[in-house]
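Here's the structure we're looking at; comments come further down.
The values are calculated or read from the model by the stated rules, or taken from the named source; none is laboratory data. Everything numeric here is computed off the predicted structure, so don't read it as measured data. Every residue, glycine as well, gets a Cβ built from its backbone with ideal geometry; the counts of neighbours run over all protein chains shown.
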């Protein structure tokens, strides 16, 4: 199935948004590591971990939308039957 060039997969806006979100997640992860070093309460750490998981789900939603709008749409238009298998794999992976 045809693939887009790596430079064409994400618009500048999407790429910038993802980079910003991932930078915040990195900061949150570093914060949790610091909390562990400081022997912070378990519930405080768990709350921060839940926040990180929610932030990563947000990143995944943006990447999935981008995949559906750009990659999957092009693959389906190419009439390659493998496109549907790839789409189903993506849906099942992220629908859990």
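Could you check, for the stretch 25-35, whether at least one of its residues is modelled with pLDDT of 95 or more, farther than 29 Å from residue 67 by Cβ and surrounded by 12 or more Cβ atoms within 10 Å (Cβ to Cβ)? Lay out the reasoning, then the answer.
Filtering the stretch 25-35 for residues modelled with pLDDT of 95 or more gives 25-35.
If we keep only those that are farther than 29 Å from residue 67 by Cβ as well, we get 31, 33-35.
If we keep only those that are surrounded by 12 or more Cβ atoms within 10 Å (Cβ to Cβ) too, we end up with 31, 35.
Within the stretch 25-35, one or more residues are modelled with pLDDT of 95 or more, farther than 29 Å from residue 67 by Cβ and surrounded by 12 or more Cβ atoms within 10 Å (Cβ to Cβ).
Being within 16 Å of the chain's Cα centre (by Cα) and surrounded by fewer than 14 Cβ atoms within 10 Å (Cβ to Cβ), is that true of even one residue in the stretch 69-84?
yes
Quick one: would you say residue 46 is part of a helix (DSSP H, G or I), closer than 20 Å to residue 12 by Cα and at pLDDT 90 or above?
Criteria not met by residue 46.
Report yes if some residue within the stretch 20-42 is assigned to a helix (DSSP H, G or I), under 23 Å from residue 8 (Cα atoms) and free of Cβ contacts under 8 Å to residues at least 12 places away in the same chain; otherwise report no. Step through it out loud before you land on a result.
At the first step, the residues of the stretch 20-42 found to be assigned to a helix (DSSP H, G or I) are 20-37, 42.
Applying the additional criterion that residues be under 23 Å from residue 8 (Cα atoms) yields 20-23.
Checking which are free of Cβ contacts under 8 Å to residues at least 12 places away in the same chain leaves us with 20, 23.
Looking for residues that are assigned to a helix (DSSP H, G or I), under 23 Å from residue 8 (Cα atoms) and free of Cβ contacts under 8 Å to residues at least 12 places away in the same chain, one finds at least one in the stretch 20-42, hence yes.
Identify the single condition in (1) under 18 Å from residue 9 (Cβ atoms); (2) surrounded by 12 or more Cβ atoms within 10 Å (Cβ to Cβ); (3) under 13 Å from the mean Cα position of the chain (by Cα) that residue 65 does not satisfy, given that it satisfies every other one.
Residue 65 satisfies every listed condition except (2).
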